[in-house]
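**Student:** Pasting a structure here, questions to come.
The values are calculated or read from the model by the stated rules, or taken from the named source; none is laboratory data. Note that the structure is predicted; figures quoted are calculated from it, not measured. Using ideal geometry, Cβ is built from the backbone for each residue, glycine included, and neighbour counts are taken over all protein chains shown. Heavy atoms of the whole protein, side chains included, go into the accessibility calculation; ligands, DNA and RNA do not. Shrake-Rupley method; radii C 1.70, N 1.55, O 1.52, S 1.80 Å.
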Amino acid sequence: MRLILRFLKPHWKLCTLTIFLLIVDVAGALIIPTLASQMLREGEAGVAMQTLIYTAITMAVAAIISGAAGILSGYTCAALVARVAKDMRDALYRKSLDLAVADFKTFSVASMTTRTVSDVTNIQFALMSSLQMVLPVPIVFVISLILAFLQDWMMGLILLAVLFIITVIALMIMRSASPLFRKLQNLLDKMSTVLLENITGVRVVRAFNKEQDEKGRMDGAFYDYAYTSIKANRMFASLDGLSFFAVNLFVILVYSFSGFRVTAGAFAVADITALVEYALLALFYLMMAQMVILTLPRAFECAERVRTVLDFSPTIQDHTEKDVWFPASPENVVTFQNVAFRFADSSLYTLKNLNFSCRRGTTTAIIGGTGSGKSTVASLILRFNDVTEGELLLDGIDIRKMPQKQLRDHIAYVQQRAWLFAGTIAENLRYSNPNATDEELWHALKVAQAEDFVRSLPDGLNSYVAQGGTNFSGGQKQRLSIARALVKKPELYIFDDSFSALDFKTDAALRRALAYETQNAAVIIIAQRVSTILHAEQIVVLNEGEPVGIGTHQELLLTCPVYKEIYESQTKEAQEQHV
């Protein structure tokens, strides 16, 4: 509830107007039975026709005002709820951008998608229904009970008892259903995860003929969700019957008791009409609210899931919002000083004893076996993870002392798995620099060895790119990703095994072009192939997360057995393939 109030607060004027219009609508609806009772009494008393016409006009005015307020409240309520849902989704999206990479172990991608889309939709529907159907209930109860007690205290007590019993039963059912709806949302996350895996991994599924196995897994997720839904709905099945029974019971009691009291002269027939109308109106709103009650337990659980994300503190946070001052073009762009790193859920260090610098105008290569921590080095520089020990400096300043945005403004990163966004080639290249000209885009494509294939496309820079770049080959996607990094023109380039899909000829041509293009910046190349890093002025060899050699290619062949073994194994493999 606090979450919803948090997002309602900025729209308090619209919220106040909506509530006021709802009160006018309900009050007008309840005044009409009172006026009808008055007209009947006037008719029985034989008053003048002018008086009856005046009462009829008053009823018509009340009906018009009530109807107009109902229509306007529907418009204002819809606008209010839409704005709240928009703000909530904006907050979740901004939070997802603030989360560190490690935080997505707590909130999976499928779960974040479900919370942003499905959970907020459930909250939006429940809020709309609550404002239009639940909020009027206490207003109707209070006004109808007051009017009923004014008519006859015994009838007022009967109405109070009936309304109290139904309300207690509804609240008990809501409380019992809450754990089931919490389970339902978790099962929805599970369904989303399995479905996402099946769609994104469809090639693997088909390649291994696992369609039936995955269907069984998906059916299991669907069955769990359906079984829990049925169990929750059973709890509400009796609520309709109880409500209708209460309505009919009250009508029987009203007519029974009022009949005796009319005979005794203590009650008027006109009063019976008004009293039954109050009761029916109150029970009508209660039954509408009952429909909303079905959605409230789920909405509360959805709100709790959204609140959990919004109140979560990211593991990587800025310690200052102000940009720091950088010295002008220092020699060392990046410096590792006694850096060690381990994940929060591990007692073993992924990296340790890192001490090296990346100088401007030079290339530093990082190589090692699988799991040696190569990509983690890039993750630390980009501050996707924070160092556990030591310091990591950019231009001589600890990266933890600057805003993440400022840090990443100085870096261009090409990840191992090239990713392109849906749109055009030009839009993807300008992702790193929105102000880049077409000439700059073509220059970056030329350096990245992508100019020829882009020019061969019918629309050139305006050629369509599918989500993830699935309409291009692996090598084309890598070259476009490299071109995107070059458009940024930073002082540090990080290429995380981003030449792996290139043939040797293209790789060599690209490295020659890069050497000239990046002569005023530092370059870090994380690679598996020794052939990609032969030209590097500095090669860092990692083994089990620790540097075992730093030097040039020739120096390492003489001084580093691990590097020599990697080189000889790849050279032997290449010779065997050639033969």
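**Student:** Hey, among 150, 239, 159, which residue is over 30 Å from residue 111 (Cβ atoms), open to solvent by less than 50 Å² (accessible area, probe 1.4 Å) and at pLDDT 75 or above? So that I can check it myself, show each step before the final result.
**Tutor:** Values: 150 fails: open to solvent by less than 50 Å² (accessible area, probe 1.4 Å); 239 fails: at pLDDT 75 or above.
After applying the criteria, what remains is 159.
**Student:** Which residue pairs have Cβ atoms under 6 Å apart, sit 6 or more places apart or on different chains, and have a first residue in the range 8-28 that is in a helix (DSSP H, G or I) and a second that is open to solvent by 60 Å² or more (accessible area, probe 1.4 Å)?
**Tutor:** Here the result reads 11/83; 21/72; 28/65, each pair linking the range 8-28 to a residue that is open to solvent by 60 Å² or more (accessible area, probe 1.4 Å).
**Student:** Could you tell me which of the residues 69, 63, 82 is touching a Gly at 6+ places or on another chain (Cβ under 8 Å) and surrounded by fewer than 17 Cβ atoms within 10 Å (Cβ to Cβ)?
**Tutor:** Only one candidate passes the filter, namely 63.
**Student:** Which of the residues belonging to the range 58-92 are under 30 Å from the mean Cα position of the chain (by Cα) and within 30 Å of residue 35 (Cβ to Cβ)?
**Tutor:** Hits for the range 58-92 are 73, 74, 75, 76, 77.
**Student:** Report the residue count in the range 481-509 for those that are in contact with a strand residue (DSSP E or B) (Cβ under 7 Å, 6 or more places away or on another chain) and assigned to a helix (DSSP H, G or I).
**Tutor:** Within the range 481-509, residues that are in contact with a strand residue (DSSP E or B) (Cβ under 7 Å, 6 or more places away or on another chain) and assigned to a helix (DSSP H, G or I) number 4.
**Student:** Also: For the subset of the range 443-456 comprising residues that are without any contact (Cβ under 8 Å) to a residue 60 or more places away in the chain and part of a loop (DSSP other than H, G, I, E, B), which member is nearest to residue 514 (Cα to Cα)?
**Tutor:** Within the range 443-456, the subset without any contact (Cβ under 8 Å) to a residue 60 or more places away in the chain is 443-445, 450-456.
Cutting the leftovers down to part of a loop (DSSP other than H, G, I, E, B) gives us 450, 456.
Details: 450: 13, 456: 23 Å.
Residue satisfying both the conditions and the ranking: 450.
**Student:** Which of the residues belonging to the range 497-509 are open to solvent by 10 Å² or more (accessible area, probe 1.4 Å) and of a type in the set (Asp, Glu)?
**Tutor:** 497, 503
**Student:** Now, a different point. Within the range 101-129, count every residue that is open to solvent by 30 Å² or more (accessible area, probe 1.4 Å), more than 12 Å from the chain's Cα centre (by Cα) and closer than 28 Å to residue 167 by Cβ.
**Tutor:** Final tally of qualifying residues: 4.
**Student:** Starting from residues that are part of a helix (DSSP H, G or I) and hydrophobic (A, V, I, L, M, F, W, C), keep the ones in the range 510-560 and report whichever is surrounded by the fewest Cβ atoms within 10 Å (Cβ to Cβ).
**Tutor:** 558
**Student:** Taking the range 457-496, which residues are within 30 Å of residue 395 (Cβ to Cβ), touching a residue at least 40 places away in the same chain (Cβ under 8 Å), open to solvent by less than 50 Å² (accessible area, probe 1.4 Å) and not hydrophobic (A, V, I, L, M, F, W, C)?
**Tutor:** Matches in the range 457-496: 478, 481, 484, 490, 491, 493, 496.
**Student:** Could you check the range 99-208 for helices (runs of 4 or more DSSP H) lying wholly inside it with 1 or more residues that are farther than 22 Å from residue 86 by Cα, touching a residue at least 60 places away in the same chain (Cβ under 8 Å) and among the small types (Gly, Ala, Ser)?
**Tutor:** Hits in the range 99-208: 136-151, 153-200.
**Student:** Same structure, new question: Looking for whichever is open to solvent by 40 Å² or more (accessible area, probe 1.4 Å) and among the hydroxyl-bearing types (Ser, Thr, Tyr) here; the options are 313, 357. Which one fits?
**Tutor:** Numbers: 357 fails: open to solvent by 40 Å² or more (accessible area, probe 1.4 Å).
The match here is 313.
**Student:** Kindly indicate whether any position in the range 420-437 is within 16 Å of residue 101 (Cβ to Cβ) and within 35 Å of the chain's Cα centre (by Cα).
**Tutor:** Taking every residue of the range 420-437 in turn, none turns out to be within 16 Å of residue 101 (Cβ to Cβ) and within 35 Å of the chain's Cα centre (by Cα).
**Student:** Does residue 87 fit the bill of being among the acidic types (Asp, Glu), in a helix (DSSP H, G or I) and buried (at least 17 other Cβ atoms within 10 Å of the Cβ)?
**Tutor:** Against the criterion (among the acidic types (Asp, Glu), in a helix (DSSP H, G or I) and buried (at least 17 other Cβ atoms within 10 Å of the Cβ)), residue 87 does not qualify.
**Student:** Is it fair to say residue 440 is assigned to a helix (DSSP H, G or I), open to solvent by 20 Å² or more (accessible area, probe 1.4 Å) and touching a residue at least 40 places away in the same chain (Cβ under 8 Å)?
**Tutor:** Criteria met by residue 440.
**Student:** Is it the case that the range 187-194 has a residue that's farther than 26 Å from residue 282 by Cβ and open to solvent by 40 Å² or more (accessible area, probe 1.4 Å)?
**Tutor:** Quick first cut of the range 187-194, residues farther than 26 Å from residue 282 by Cβ only: 187-194.
If we keep only those that are open to solvent by 40 Å² or more (accessible area, probe 1.4 Å) too, we end up with 190, 193.
Looking through the range 187-194, at least one residue is farther than 26 Å from residue 282 by Cβ and open to solvent by 40 Å² or more (accessible area, probe 1.4 Å).
**Student:** Given the conditions (1) without any contact (Cβ under 8 Å) to a residue 12 or more places away in the chain; (2) in a loop (DSSP other than H, G, I, E, B), which single one is not true for residue 329?
**Tutor:** (1)
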